[in-house]
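Colleague: Handing you a structure now.
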Amino acid sequence: MPVPLLLLTSVYALLAISGLLYQQAVVASILLLLMVLATIGRQKSAWLLMLLIAAVMSLAGVGLALLLNMSPDDTAPAWLTRLQAWSMLQQMLLISGLLLLAGIQLWVALMPTVRQWFKPKMNFNIIQS
């Protein structure tokens, strides 16, 4: 298993376990654990679909957080009103950190070594010379 993929799956596993322990986003945590198991099991759908969709969804989530951050206080959820109480520097540091993590996630998902790791090495063609 390539080292970047190993680090990414370990971060996914820690996020899923902490989500299950704190009972926050339980369905998303279970799906994240399934993605970790599919990645370890070298399922091609893990690379083709799950890793890329997870990276795009995290980028979309950061964009949605930016959009909600600019919304009026009466329509914002409770967690966002607590975030809006932070200073602008703290908000930008948090959002830039989330963007950096989402970018690294997308970069790892598109790496050629990761793509090669998901390709099966066994060939059942008995006619091949």
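Residues checked against (1) in a helix (DSSP H, G or I); (2) open to solvent by less than 100 Å² (accessible area, probe 1.4 Å); (3) modelled with pLDDT of 85 or more; (4) not hydrophobic (A, V, I, L, M, F, W, C):
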| residue | (1), (2), (3), (4) |
| --- | --- |
| Met35 | yes, yes, yes, no |
| Ser45 | yes, yes, no, yes |
| Leu67 | yes, no, no, no |
| Thr113 | yes, yes, yes, yes |
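Colleague: Tell me, which residue of region 1-33 that is over 26 Å from Pro120 (Cβ atoms) and part of a loop (DSSP other than H, G, I, E, B) is least open to solvent (accessible area, probe 1.4 Å)?
Modeller: Going through the qualifying residues, I end up with Ala25.
The values are calculated or read from the model by the stated rules, or taken from the named source; none is laboratory data. Everything quoted here is computed from the prediction, not taken from an experiment. As a convention, Cβ positions derive from the backbone with ideal geometry for all residues, glycine included, and neighbour counts pool all protein chains shown. Note: accessible area is taken over every heavy atom of the protein model, side chains too, but ligands, DNA and RNA are not part of it. Shrake-Rupley method; radii C 1.70, N 1.55, O 1.52, S 1.80 Å.
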